Amino acid sequence: MADSSEVGGRAVSGPPDPNDFEAFTSWLVQQPRTWSVVLAARAALRVLPLSRVQDRLSVIVLPAFRATAIARFAAKYPNRAIGQAAADARASAYAATAATVDAADAAYGYAAVSAVSAATAASADAAYAATVAYADAASATAYASASASATAYAVIQGDAQRLHDGAMTPEQLASASLWIGLPPPSIGGAWQGLAAELRALGPHWSVWIHWYEDVLAGSPHAGTSEAEEAAFTDLPGELPWDAGAEAVNTEIARRLRAIRDGKTPLGKDPVQPPDPEPLETIPSPIAIDRRADGRIGADAGLFALPTLPPSSEPCDHARLLEACRARAEQLRIQAVAPTFQGRSEYAELLAEYLQWLPSEAGSGNILLADGEARVLNKMFVAEQDVLPTAFASRLSTFLEDHLGLRPYYPELERHYHSIRTGRVATPLPRDAVESIRQIIHQHSPAVFDETVAPVMDETAKPLPAVTPLPAADAPPPDPTRPKPPRDPIADVDPAASRNFTFASAANRIYTILKSGKDVGDGVKGWNEVYAAFKERIPPLLKWLQENWPGGGADGGPTLPPTIGV
């Protein structure tokens with residue numbers, strides 16, 4: 001059902017359900033033409049990975065890349081004339097699509113055709129073309145899975161709502177991430193498969209692979225310009241489409257090199273700028289290393305190896321671990337019960353705590369478990385007057401037991417010391433974080449083993465909002481109610497800890513990738529991952545340099561001994 005808002009004192013109907021083709025088209029006709037252009041382009045881009053024509057892969061995919069690139073350019077730069085370049089791209093995509101008898105390939109191909117049509121049509125025709133584009137895109141995803149199709153409709157509705165609410169301009173939406181979080185597994189898996197097949201056809205396909213990964217993540221590499229976006233189209237001059245994919249892709253790569261050099265005349269190979277250098281002085285709490293099989297893996301390092309304090313026995317540590325595990329599980333069960341009168345985040349945080357709590361020496365990660373416990377404590381402090389008494393009592397006991405674990409892991413103290421001596425002014429750039437996560441997921445398990453993605457996902461998650469109850473809503477003070485234990489490191493921001501852990505781990509991964517890029521590594525996809533990382537790591541390196549001791553030229557205050565690695 002459509003909603004409405006007030007604009008200039010008059011009611012404006014919001015976007016209807018995209019499943020209702022006629023209603024959505026009628027609504028879109030009433031909106032600015034640029035809305036149709038961007039919605040069509042994004043719908044087509046989401047299903048681009050779904051090609052399945054193995055024997056005609058290059059023939060099918062190149063026209064689709066061509067069409068969606070010009071459609072996206074039109075959405076980002078609506079005041080630029082795209083005329084003949086768009087018409088030729090549409091004709092090429094239409095011919096390639098019409099030649100296939102596979103219904104799924106036809107659906108995604110026609111979505112690309114409609115996206116280009118929307119980019120060049122007048123307002124009413126653009127709205128119709130956009131609606132056809134998202135309908136074809138939804139049909140294509142339905143061949144992948146029913147849940148992917150439902151998700152496709154949901155993100156189309158979300159895009160339309162953001163435009164309607166004024167949360168984004170069409171140009172901003174054109175650069176936003178294609179999906180809310182990661183793409184549906186069927187589409188994410190399809191992209192990994194398609195990217196692998198394209199790499200097998202030749203390294204020249206890397207220009208389109210990197211382009212689509214930028215589009216997917218919604219964070220083009222630092223310094224992307226209009227000229228670089230146009231390099232993938234016929235706008236600067238016609239690309240040699242008739243000569244085949246390798247000729248086209250090689251020319252695109254040459255254009256990009258010339259543009260990024262900024263000084264070399266077109267037609268000459270410029271000297272490439274040096275790759276960004278990793279920060280050797282920044283320690284990583286997560287031990288990232290190279291496995292025996294050549295892939296990159298993650299270990300907890302010293303965060304999984306207890307050190308017995310004086311007068312303690314191994315059995316003391318084991319009993320405390322078991323007590324924490326048992327109490328956390330009891331609380332989790334209580335928090336997932338339908339009768340629980342508290343926030344759902346309690347159950348989520350407890351489940352994550354149990355996932356990372358060490359079970360024996362060398363397993364788990366006490367830093368990540370401690371991070372969940374600290375957030376639980378902060379939520380308890382904010383809500384101590386309203387939490388169910390029985391739950392609050394058990395939570396207080398559990399947190400006291402957990403605090404007793406910290407002395408067994410002295411690396412925790414060193415880590416939190418580094419957080420205290422940091423000078424954080426801004427959070428990590430979310431687009432850079434999501435780009436790195438996307439690369440890791442897309443290249444697991446080929447380059448990254450199964451241990452890396454969970455750690456990076458955990459440290460990339462935003463924290464739940466923790467705010468005290470307004471005084472008017474708080475019940476009268478009750479001295480008999482259970483209280484949260486005092487956390488000695490309550491002043492250390494959990495978000496800063498997560499940000500540092502993610503950024504420093506990404507820096508460590510980049511260090512390993514860079515060290516192996518020139519030695520002919522046997523890991524398939526290594527150089528592609530390095531190329532993607534070097535484009536996306538600069539914002540994280542800059543953040544570390546500006547916020548952490550040892551990251552900048554001045555070196556900052558002295559840190560404790562190396563953490564983790």
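Quick note: the coordinates plus some simple rules give every number you see, no bench work behind them. Small disclaimer: the values here were computed from a predicted structure and weren't measured. Using ideal geometry, Cβ is built from the backbone for each residue, glycine included, and neighbour counts are taken over all protein chains shown.
Between residue 316 and residue 461, the modelled label-to-label distance comes to 3.2 nm, taking each label 7 Å out from Cα in the direction of the beta carbon. For residue 359 and residue 446, the difference between the fully extended length at 0.36 nm per residue and the C-alpha to C-alpha distance is 28.5 nm. With one equal scatterer per alpha carbon and no solvent term, the Debye-computed log10 I(q)/I(0) for segment 276-339 at 0.21 1/Å reads -0.94.
Among the listed pairs 76/534; 378/461; 378/542; 76/524, a Cα-Cα separation exceeding 27 Å is found for 378/542; 76/524. Between 501, 318, 451, the Cα set farthest toward the positive side of the dipole of segment 314-547 (charges on each charged residue's Cβ, about the Cα centre) is that of 501. Other residues within the sphere of radius under 12 Å centred on the Cβ of residue 444, judged by their own Cβ, net out at -1 (K and R +1, D and E -1).
For segment 463-481, backbone nitrogen atoms closer than 19 Å to the point 7 Å from residue 393 Cα along Cα-to-C-beta are found at 478-481. Converting phi to 3J(HN,Hα) with the Karplus coefficients 6.51, -1.76 and 1.60 and the offset θ = phi - 60°, segment 539-544 yields x, 6, 5, 5, 5, 5 Hz in sequence order, with x at every glycine or proline.
With each label modelled as a point 7 angstrom along the Cα→C-beta vector, the residue 241-residue 84 pair spans 1.3 nm. Stretching the chain fully between residue 426 and residue 228 yields a gain of 68.4 nm (0.36 nm per residue, less the alpha carbon separation). Residues whose amide H falls under 5 Å from that of residue 288, counting only those 5 or more places apart or on a different chain, are 299, with hydrogens built in the peptide plane. The calculated FRET efficiency for residue 400 paired with residue 290, based on their beta-carbon distance and R0 = 56 Å, is about 0.90. When the Cα positions of 460, 482, 397 are compared along the charge dipole of segment 314-547, 460 comes out farthest toward the positive end, with charges on each C-beta of Lys, Arg, Asp and Glu. Taking amide hydrogens as placed 1.01 Å from N in the peptide plane, the amide H of residue 451 sits under 5 Å from those of 298, each at least 5 positions away in sequence or on another chain.
Protection proxy ranking for 484-494, 185-195, using the average of other Cβ atoms within 10 Å per residue and placing the highest first: 185-195, 484-494. The packing ranking of peptides 468-481, 365-378, 241-254, highest mean first, is 365-378, 241-254, 468-481, where packing means the average number of other beta carbon atoms within 10 angstrom of each residue.
Using a cut-off of under 16 Å, list every residue of segment 180-197 whose amide N is near the label point 7 Å from the Cα of residue 154 along the Cα-to-beta-carbon line. Residues 180-188 qualify, since their backbone N sits under 16 Å from the label point.
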